[in-house]
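The next block holds one structure in the form of structure tokens; read it before the comments.
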Amino acid sequence: MRNQRLLIRPLVLVALALAVLLAVAVGLVYFTLDAPGRAQFARLLGPRAALLVLAWALGVVAAMAALQRWWVPRVSALPELAEQTRALVNASAPLQLKARAQADQQPLADAVNALAAQRDALRADVSAEVARASASVRLERNRLAALMSELTQSVVVCNRDGRILLYNQRARRQFRVLSDAPQLADGAELIGIGRSIYAVFDKKLVAHALDSIGQRLARGAAQPSAQFVTATRGGQLLRVQVAPVTDTDGGDGAPGTAALGGFVLMLDNITRSFEEETARGQLLHGLTEGSRASLASLQAAVEMLGYDDLEPAMRERFLGVLRDEVRTLAGRVDEVARQSADSLRTRWPLEEMQGAEFLAVAARQVGAQCGVPVTAAPADARLWLKLDSFSMLQALTYLGQRLVDEFAVRALTLRLAAQGTRAQLDLVWTGHAMSTETVMSWEMDAMRIGAETHPLSVRDVVERHDAEMWFERDRAAHQAFFRFLLPLASSGDEAAEGLAEVESRPEFFDFDLFAVSESDAALDERPLSELVYTVFDTETTGLNPSGGDEIIQIGAARVVNGRLLRQESFEQLVDPGRDIPAAGIPIHGITPDMVVGQPRIDEVLPAFHQFAQDTVLVAHNAAFDMKFLQLLEPRTGLRFQQPVLDTLLLSAVVHPHQESHRLEAIAERFGITVLGRHTALGDALVTAEVLLKLTPLLRDMGIVTLGQARAAAQQSYYARLKY
């Protein structure tokens, strides 16, 4: 269609020129003849006028063929070359123009490529200089990131508008506990770079704390802070300490004029300690209140026994009352003592540790102490324990040493596996079994390792962990083992379940957000570079949303402050409740077995809705994905009312002369590596990178704000697509 538009105008001009040329030729011949000649010329030409029209038509056809062959390719190639050159100019990575089909344009493309190569070389030199100059800054940032990642306290740093600009791993685990859908969104709908902390905490609580800090700053306090306790939607109790992030001075260097640039939140989950304090209070209350009646009875009986004229029968009766009340009181005190002892034993501070890491450490220590090979069987990386690692290592070492010394065991194996809400830790050997009496003796004796005797026994270690331990023999495998049933790091204890796949020090910070403040202007009036985007994609059973096709996967990533936050992503398979056509499986790779047991869209969509809250939605061919979401509104009650940008339409705005605006074609033009194509998250990540490449090109065209981008997109040819 674009080539036809390029052909029509020159073809009309050629046709008119041929008609004028033919008319001029006929007119010149006619006017050069005398009167008889003109009459004869008219008689000869009249019946043959159709031949002139045919000759003109043949000339037009020949001209059209020539234009189609030589003119159109050259004219259409120039705008295409210009668009590709603009993309090359804005490319952040080295990019070259492809070879041109027109030989006369190849020297121009070569010259552009040469300039681009020089630009890339100069850019590399500048980048190297900048890298050397900012090495110290990066070092400090890395040190801070490392420190934050290793802190055992949840830390969240926000700018003055409450937008999160830094958080550590502990905070991510904490927010996962607070999530309504921890298995789906993993807490990402609550915490993330650029997200508002007020999605979790009441803004009035934080504002009150900041107001108190501001007053102390005004009075010249050096390190003011405030704290409050709040309950989350899930019933968790959090103690939040607030500390200010201030400018070094108030702008004029005067003391006491520091301006509040942001704040730090340090979070402690006090749910368990609060419950323990409540239980202890109830225990004490029960002891005092429950003992009042017994003490009154004892006091009355003692007073009556003091009378000399008391009859023997009555004396015996009061003695019986004394004995009964003493037994009742003693039983109550024993019960309180038992509960208190249990509480003290189980309140020993236990730490969270990855199971595979504990096995590796235990294998090294037991092997070094016992002098025999110790093998650690592979363990699930998602398995985390809650234990006193030192005492548990001592127990394993003690048992291993006794096996080697008394039964001449030559090799040991450690294995770990989940068993319901507990973890099975086995110390395995091949060889002699032992009697129950021997096991009980080893369990109760004080642990002796080498020449050192420890005050604890294996039984003490087991009780410290509120665990269980026994001996078992596997006759089929000719093996015996001690089994410890240990507590897992549960979600209520802010466990790190599911976080082992995250890098040890992910990039969870963006200090540039300190300079970003909320604008009261409407979203349409805000620059594209200042917006927060949720770039998403869906995989579906088919291409007909109105015909019963369903979503089978949703993937999304966030773009904040011009950066793609790959770590803050959303990806979830969905059980569509219907068959997945075999024809689509080679495209998206999702088989019926993969969605068995997965949540339905009614469970997944609320988590995605919260993940995308307060952001601009972005998709490639967004009309298709949005149609599915709109059709789900009556079923789920959820509406996605935020603005939507479509990278397909924006590409057509920026590059109107390109033949294709498929996601792969756009990625190739921008030099974007495509990974995970036709998976929801993979396509979302590519779309996000395309958005970041399109933004500066739109700015060069004078399209700066969201409203301008939406208006320009609606003028493109592809905006007519409906589903």
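The values are calculated or read from the model by the stated rules, or taken from the named source; none is laboratory data. In this text the structure is predicted, and so the values were computed from the model without any measurement. Counting neighbours? That spans all protein chains shown, and the Cβs are built from the backbone with ideal geometry, glycine included.
Structure notes:
- Flag for Ser651 being in contact with a His (Cβ under 6 Å, 6 or more places away or on another chain) and either touching a residue at least 40 places away in the same chain (Cβ under 8 Å) or hydroxyl-bearing (Ser, Thr, Tyr) (or both): yes
- Any chance Arg119 is exposed (fewer than 15 other Cβ atoms within 10 Å of the Cβ), modelled with pLDDT of 70 or more, out of contact with any helix residue (DSSP H, G or I) (no Cβ under 9 Å at 6 or more places or on another chain) and basic (Lys, Arg): no
- Residue within the stretch 438-457 that is within 42 Å of the chain's Cα centre (by Cα) and assigned to a strand (DSSP E or B) present: no
- Looking across the stretch 356-403, the residues that are β-branched (Val, Ile, Thr) and touching a strand residue (DSSP E or B) at 6+ places or on another chain (Cβ under 8 Å) come down to Val366, Val372, Val374, Thr375, Thr397.
- Candidate set from the stretch 379-420 (those that are outside any strand (DSSP E or B) and among the basic types (Lys, Arg)); member that is surrounded by the most Cβ atoms within 10 Å (Cβ to Cβ): Arg402
- Contacts under 6 angstrom Cβ, first residue in the stretch 586-611 being under 29 Å from Gln641 (Cβ atoms), partner in a helix (DSSP H, G or I), 6 or more apart: Asp602/Thr636; Leu605/Thr636
- All conditions but one from (1) free of Cβ contacts under 8 Å to residues at least 12 places away in the same chain; (2) in contact with a helix residue (DSSP H, G or I) (Cβ under 6 Å, 6 or more places away or on another chain); (3) of a type outside the set (Val, Ile, Thr) apply to Glu633; the one that does not is (2).
- The condition of being within 18 Å of Ala684 (Cβ to Cβ) and surrounded by fewer than 16 Cβ atoms within 10 Å (Cβ to Cβ) holds for only one of Gly589, Gly577, Gly548, that being Gly589.
- Here the helices (runs of 4 or more DSSP H) wholly within the stretch 604-656 that include at least 2 residues being in the same structural domain as Ile551 (by TED's automatic domain parsing) and closer than 20 Å to Ala711 by Cα are 622-631, 647-654.
- Test result for Arg566, surrounded by fewer than 19 Cβ atoms within 10 Å (Cβ to Cβ) and either of a type in the set (Ser, Thr, Tyr) or free of Cβ contacts under 8 Å to residues at least 60 places away in the same chain (or both): no
- Selected residue (criterion: surrounded by the most Cβ atoms within 10 Å (Cβ to Cβ)) from residues of the stretch 672-689 that are farther than 27 Å from Gln630 by Cβ and at pLDDT below 85: Val674
- Ile552 being of a type in the set (A, V, I, L, M), within 23 Å of the chain's Cα centre (by Cα) and either in the same structural domain as Leu692 (by TED's automatic domain parsing) or more than 27 Å from Gly194 (Cα to Cα) (or both): yes
- Sole residue being out of contact with any Asp or Glu (no Cβ under 8 Å at 6 or more places or on another chain), modelled with pLDDT of 65 or more and assigned to a helix (DSSP H, G or I), chosen from Leu147, Leu97, Leu58: Leu58
- Flag if Gln714 is farther than 18 Å from Pro545 by Cβ, more than 28 Å from the chain's Cα centre (by Cα) and surrounded by fewer than 16 Cβ atoms within 10 Å (Cβ to Cβ): yes
- Candidates Gly584, Gly597, filtered to the one that is of a type in the set (Gly, Ala, Ser), assigned to a loop (DSSP other than H, G, I, E, B) and either at pLDDT below 90 or more than 19 Å from the chain's Cα centre (by Cα) (or both): Gly597
- So Gly214, is it modelled with pLDDT under 80 and more than 19 Å from Val156 (Cβ to Cβ): no
- When Phe482, Phe407 are checked against the criterion of being under 43 Å from the mean Cα position of the chain (by Cα) and of a type outside the set (S, T, N, Q), a single residue qualifies: Phe482.
- Cβ pairs under 9 Å, 6+ apart, first in the stretch 402-416 and at negative phi and free of Cβ contacts under 8 Å to residues at least 24 places away in the same chain, second surrounded by fewer than 19 Cβ atoms within 10 Å (Cβ to Cβ) and assigned to a helix (DSSP H, G or I): Glu406/Thr438
- For the stretch 641-654, the criterion of a residue being in contact with a Pro (Cβ under 7 Å, 6 or more places away or on another chain) and either surrounded by fewer than 21 Cβ atoms within 10 Å (Cβ to Cβ) or more than 27 Å from Ile164 (Cβ to Cβ) (or both) is satisfied by no position.
- Some residue of the stretch 653-663 being within 30 Å of Val604 (Cα to Cα) and more than 22 Å from the chain's Cα centre (by Cα): yes
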